[in-house]
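**Student:** Starting off with a structure, shown below.
The values are calculated or read from the model by the stated rules, or taken from the named source; none is laboratory data. From a predicted model like this one, the values you see are computed outputs, not experimental measurements. Because the Cβ atoms are built from the backbone with ideal geometry, glycine has one as well, and the counts that use them run over all protein chains shown. Note: areas computed on protein heavy atoms with side chains; ligands, DNA, RNA excluded. Shrake-Rupley method; radii C 1.70, N 1.55, O 1.52, S 1.80 Å.
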Amino acid sequence: MEFVDLAAQHRALAPELERAIQKVIERSAFIGGEEVAAFEAAFAEAMTTRHAIGCANGTDALFLTLQAMEVQPGDEVIVPAHTWISTAETVTLAGGTPVFCDSEPGFFTMDPERVRDLITERTVGMIPVHLYGQPADMPVLAELAARYGLWMIEDCAQAHLATLGGQTVGSWGAAATVSFYPAKNLGAMGDAGAVLTSQDAVATFVRRFANHGGKGHHVMEGTNSRLDTLQAAVLSVKLPHLTTWTERRRALADRYDAGFEDVPGITSPPRRPDTTHVFHLYVIRAERRDALRAFLAERGIPTALHYPTMLPFLPAYADRGHERSEFPVVSLDEATMLSLPLYPEMPDADQDRVIDAIRSFAME
Ligand SMILES: *Cc1c(COP(=O)(O)O)cnc(C)c1O
């Protein structure tokens, strides 16, 4: 059994993928071109934003967007303590200071109550992350942002097509960022990412900044962070399948939920009301997590920790001197969470094996 079987997805799409790649090779125009423009338009439509700007990866998407927000030295940006490091490291890279926020109990997303406590006169913005595919509490965060005059960037790297209150994620803030890392819900065959926005000025800035400040004219300095033509061609083949894949992820999550309903010591991930959780990952909380993980490994069932150490406690942030008592929720999550195998092509029989093994561990 695999944690994620990418080959299964590619076997199913092989003829279409090969045709799309071949077409790019025949023209041998590998930067820009109609594939990039076509994918950007289709993805913007899928995510209900006016613009999607392709770039090199999801980390660059954050960095480019932070440039558009004009982060200055000393500026504080509130980010979740529980996320992939990109969300924080790009704030530093842009010249600002990431300030870590504890999670809302149960949901693995930034707690609006804690955000309020972290806002200072130096705070300029916040980056909620829809971690594991579950939308953060955007209405409350958006209200806070408006009240304190902060911008908001949504990190949608794990939340393609997720919705909250009928509104697709990525359309709540000034801009949003997406990753197409191969194992993400929509994955390229290499690194790729995008910035989403409905603000024309942000779109123009990001497009320029990602291409050396505007090709030919260089109205400013920028960098090189473009979406490869080959990756755009691959993503365009995959995008029409994303809704079906998302439905399958959600159906598998329902099956896990049902399997663990009456199991003591195992908590299924709660779903925020009025949302579509797209289950990039299915993350349970288990009382005897490490013992369970070893028990599953012995039976050939792979699991993972996303992420083994919460950001404030990483060596990279040791100079902050953070204490676990400042982050009670993520500290508990760090010790109890466990990511189970889940991908759209996962056979029911494999999932039944995972469920049976966890049930027998918990009931023994
Ligand atoms: C994957 C991920 C990123 C970064 O994406 P890359 O394409 O790997 O650079 C950023 N934020 C979160 C929450 C992610 O999961």
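**Student:** Kindly report the accessible area of the chain per residue (heavy atoms of protein chains, probe 1.4 Å, no ligands, DNA or RNA), in Å². Intermediate values should be presented prior to the final figure.
**Tutor:** Working: 15040 Å² over 364 residues.
For the chain, the solvent-accessible area averages 41 Å² per residue.
**Student:** While we're looking at this one, here's another question. Where is the GNM fluctuation largest for the chain (alpha-carbon springs, 10 angstrom cutoff): MET152, MET189, MET310?
**Tutor:** MET189
**Student:** Let me ask you something else. With every atom except the alpha carbons ignored, what do you get for Rg and Dmax of segment 103-210, in angstroms?
**Tutor:** 14.3, 43
**Student:** How about segment 233-337: which GluC sites (Glu not before Pro) there are in a DSSP loop, with at most 14 other Cβ atoms within 10 Å of their Cβ? Don't jump to the answer; show the numbers that get you there.
**Tutor:** Values: sites: GLU247, GLU261, GLU287, GLU298, GLU323, GLU326, GLU334; in loops: GLU261, GLU287, GLU323.
Those that pass, being in a loop and sparsely packed, are GLU261, GLU287, GLU323.
**Student:** Separation between the ALA201 and ASP356 pseudo-spin-labels, each 7 Å from Cα along Cα→Cβ, expressed in nm?
**Tutor:** Taking the two extended label points, one gets 6.1 nm.
**Student:** How large is the helix-only mean residue ellipticity at 222 nm for the chain, computed as the sum of -39500 (n - 2.57) over DSSP H runs with n ≥ 4, divided by its residue count, in deg cm²/dmol to the nearest 500?
**Tutor:** Numbers: 12 runs with 147 residues, N = 364.
About -12500 deg cm²/dmol.
**Student:** Around ARG255, under 9 Å between beta carbons, what's the net of Lys plus Arg minus Asp minus Glu among the other residues? Kindly include the intermediate steps, with their values, before the conclusion.
**Tutor:** Details: positive: none; negative: ASP254, ASP257, ASP348, ASP352.
Around ARG255, the charge tally is -4.
**Student:** Same structure again: Seen from all sides and averaged, what is the projected area of the convex hull of the Cα atoms in segment 187-268, in nm²? Present the calculation step by step, with values, prior to reporting the outcome.
**Tutor:** Values: hull surface 35.6 nm².
The number I arrive at for segment 187-268 is 8.9 nm².
**Student:** Let me ask something additional. Among ALA68, ALA159, ALA201, which one shows the biggest mean-square fluctuation in a GNM of the chain, springs joining Cα atoms closer than 10 Å?
**Tutor:** Of ALA68, ALA159, ALA201, the Gaussian network model singles out ALA201 as fluctuating most.
**Student:** Using bins 10 angstrom wide from zero, how does P(r) for segment 300-359 break down, in % of all Cα pairs?
**Tutor:** With 10 Å bins starting at 0, P(r) equals 19, 36, 23, 18, 4.
**Student:** As a test of the definition: which semi-axes, in Å, follow for the chain when you take the square root of five times each eigenvalue of its alpha carbon gyration tensor? Largest first, please.
**Tutor:** After scaling each eigenvalue by five and taking roots: 33, 28, 17 Å.
**Student:** Let me ask something additional. How many percent of DSSP beta bridges within the chain run antiparallel, rounded to 5?
**Tutor:** 60
**Student:** Next question, about the same structure. Based on the alpha-carbon gyration tensor of segment 263-342, what equivalent-ellipsoid semi-axes (square roots of 5 times the eigenvalues) come out, in whole Å, largest first?
**Tutor:** On the way: eigenvalues 115, 64, 31 Å².
Largest first, segment 263-342 gives 24, 18, 13 Å.
**Student:** Would you calculate the separation in nanometres between label points at ALA251 and LEU118, each defined as 7 Å from the Cα along the Cα-to-beta-carbon direction?
**Tutor:** Label at ALA251, label at LEU118, 3.8 nm between them.
**Student:** Can you quote the Å³ per residue value for the convex hull of the Cα atoms in segment 226-282, rounded to an integer?
**Tutor:** Taking the convex hull of the Cα positions in segment 226-282, it is 121 Å³ per residue.
**Student:** Hey, if you put +1 on the Cβ of every Lys and Arg and -1 on every Asp and Glu Cβ in the chain, which of LEU196, LEU144, VAL91 ends up farthest toward the positive end of that dipole?
**Tutor:** So the residue furthest toward the plus end is LEU196.
**Student:** Then there is this: If you average the sequence gap of Cα pairs under 8 Å that are 6 or more apart and divide by the length of the chain, what percent do you get for the contact order?
**Tutor:** 21
**Student:** Dipole magnitude of the chain about its Cα centre, charges +1 at Lys/Arg Cβ and -1 at Asp/Glu Cβ only, in debye to the nearest 20?
**Tutor:** Values: 30 positive and 48 negative charges, 127 e Å.
Once rounded to the nearest 20, the dipole reads 620 debye.
**Student:** What do the square roots of 5 times the Cα gyration tensor eigenvalues come to for segment 60-143, in whole Å, largest first, as semi-axes of the equivalent ellipsoid?
**Tutor:** 20, 14, 11
**Student:** Using the basic label-point model (7 angstrom from Cα toward the beta carbon), what is the ALA183 to ARG288 distance in nanometres?
**Tutor:** Result for the modelled spin labels: 2.7 nm.
**Student:** Taking the chain as a Gaussian network, Cα atoms linked when under 10 Å apart, which of HIS160, HIS241, HIS82 shows the biggest mean-square fluctuation?
**Tutor:** In this elastic network of the chain, the residue with the biggest mean-square fluctuation among HIS160, HIS241, HIS82 is HIS241.
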